[in-house]
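*Asks:* One structure, as structure tokens, below. Some questions next.
The values are calculated or read from the model by the stated rules, or taken from the named source; none is laboratory data. Predicted model only: the values in this text are computed from it and were never measured. Cβ placement follows ideal geometry from the backbone for every residue including glycine, while neighbour counts extend to all protein chains displayed. Side chains are part of the model used for accessible areas, which takes the heavy atoms of the whole protein and leaves out ligands, DNA and RNA. Shrake-Rupley method; radii C 1.70, N 1.55, O 1.52, S 1.80 Å.
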Amino acid sequence: KEDFLYEDFDAVFNLIKDLQLDNKGTATSDYQIKVKGTVYMDVESETTLVYITDGKNFIKLHGQKMHNYTNPGNVYVVLCYYKAYLYQPTLEVIDPANDIKISASSTPVTEIQVKEVTLAEILEMKKEDFVSNINNGYLQSMLKITGYLQIDTHNSNKYDYCLTVGEKYSKNDTGYIKNGLYF
């Protein structure tokens with residue numbers, strides 16, 4: 001397995017599903033794998049939010065200042081441990097300067113598959129149902145979620161956006177919208 005190049009992330013997610021998670025939903029593989037994919041999202045202000053795709057699945061690259069070693073739209077071969085971290089599938093890169101190599105001759109993914117889900121489905125998710133969440137595509141897919149967009153002004157310093165199931169909503173005792181998805 002260590003010499004195999006994973007270009008289809010379904011296989012990577014099957015490896016992750018087999019990890020024995022601890023009580024915090026975390027586990028790391030005993031060995032490294034090589035994964036090839038296109039960096040699709042890179043939130044530069046957040047040094048750890050770099051996502052790689054095979055066109056169907058997304059997975060987070062986890063490590064020190066990942067965005068310093070990747071650029072969106074480029075294909076990379078990454079040497080990494082496959083991991084579940086707090087119930088989130090990730091690829092942990094130990095030495096990004098040496099373990100992330102651009103594959104200049106490869107064609108980047110430009111179109112991705114999108115999974116359409118209802119907000120009710122997402123709100124019913126339980127993080128402890130890790131394998132089920134992967135089987136249903138919730139943790140590795142680009143999701144298109146339908147709902148009602150609300151601007152929540154509970155915080156005087158900024159506005160938060162929240163997606164709700166219905167046009168009307170109620171708030172809990174801390175001032176946040178009940179059964180909403182904040183982003």
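*Asks:* As a quick test, which of the pairs 17/171; 17/126; 24/171; 24/144; 60/168; 36/65 have an alpha carbon distance above 26 angstrom in this structure? Please list the in-between numbers first.
*Replies:* Details: 17/171 36 Å; 17/126 16 Å; 24/171 29 Å; 24/144 28 Å; 60/168 34 Å; 36/65 19 Å.
Violating the 26 Å limit, Cα to Cα: 17/171; 24/171; 24/144; 60/168.
*Asks:* List the trypsin sites (Lys or Arg not before Pro) within the range 137-175 that fall in a DSSP loop (any state other than H, G, I, E or B) and whose Cβ has at most 12 other Cβ atoms within 10 Å.
*Replies:* Values: sites: 144, 158, 168, 171; in loops: 158, 168.
Of the trypsin sites (Lys or Arg not before Pro), the ones in loops of the range 137-175 whose Cβ has at most 12 other Cβ atoms within 10 Å are 158, 168.
*Asks:* Next question. Could you tell me the accessible area of residue 76 in Å² (1.4 Å probe, neighbours in place), rounded to the nearest ten?
*Replies:* Only protein atoms counted, so the area is about 10 Å².
*Asks:* Leaving out ligands and nucleic acids, note down the accessible area per residue over the range 119-158 with a 1.4 angstrom probe, in whole Å².
*Replies:* Dividing the accessible area of the range 119-158 by its residue count gives 63 Å².
*Asks:* Carbon-plus-sulfur fraction of the accessible area of the chain, 1.4 Å probe, in percent?
*Replies:* 46 percent
*Asks:* Let's see if you can work this out: charge +1 on each Lys and Arg Cβ, -1 on each Asp and Glu Cβ, no other charges. What is the dipole magnitude of the chain about its Cα centre, in debye to the nearest 20?
*Replies:* Computed about the Cα centre, the dipole is about 300 debye.
*Asks:* As an exercise, use a Förster radius of 41 Å and the Cβ-Cβ distance of residue 7 and residue 120 to find the FRET efficiency, rounded to the nearest 0.05.
*Replies:* After rounding, the FRET efficiency stands at 0.75.
*Asks:* Kindly provide the trypsin sites (Lys or Arg not before Pro) of the range 1-90 that DSSP labels as loop, not H, G, I, E or B, and whose Cβ sees at most 11 other Cβ atoms within 10 Å.
*Replies:* Passing both the DSSP loop test and the Cβ count: 1, 24, 65.
*Asks:* Under the rule of -39500 (n - 2.57) per DSSP H run of 4 or more residues, summed and divided by the residues of the chain, what mean residue ellipticity at 222 nm is obtained, to the nearest 500 deg cm²/dmol?
*Replies:* -3000 deg cm²/dmol
*Asks:* Give me the distance in nm between label points sitting 7 Å out from Cα along the Cα-to-Cβ direction at residue 173 and residue 110, one decimal.
*Replies:* About 5.5 nm separates the two model spin labels.
*Asks:* Let me ask something else. How would 174, 26 line up by accessible area, probe 1.4 Å, largest first?
*Replies:* Listed by decreasing accessible area, they come as 174, 26.
*Asks:* Something else now. Between beta-carbons, use under 13 Å as the cut-off and find the net charge around residue 140, counting Lys and Arg +1, Asp and Glu -1.
*Replies:* Numbers: positive: 17, 56, 60, 115; negative: 8, 10, 54.
Neighbourhood net charge equals +1.
*Asks:* May I pose another question? What are the trypsin sites (Lys or Arg not before Pro) within the range 107-141 that DSSP puts in a loop, where the Cβ has at most 14 other Cβ atoms within 10 Å?
*Replies:* 126, 127
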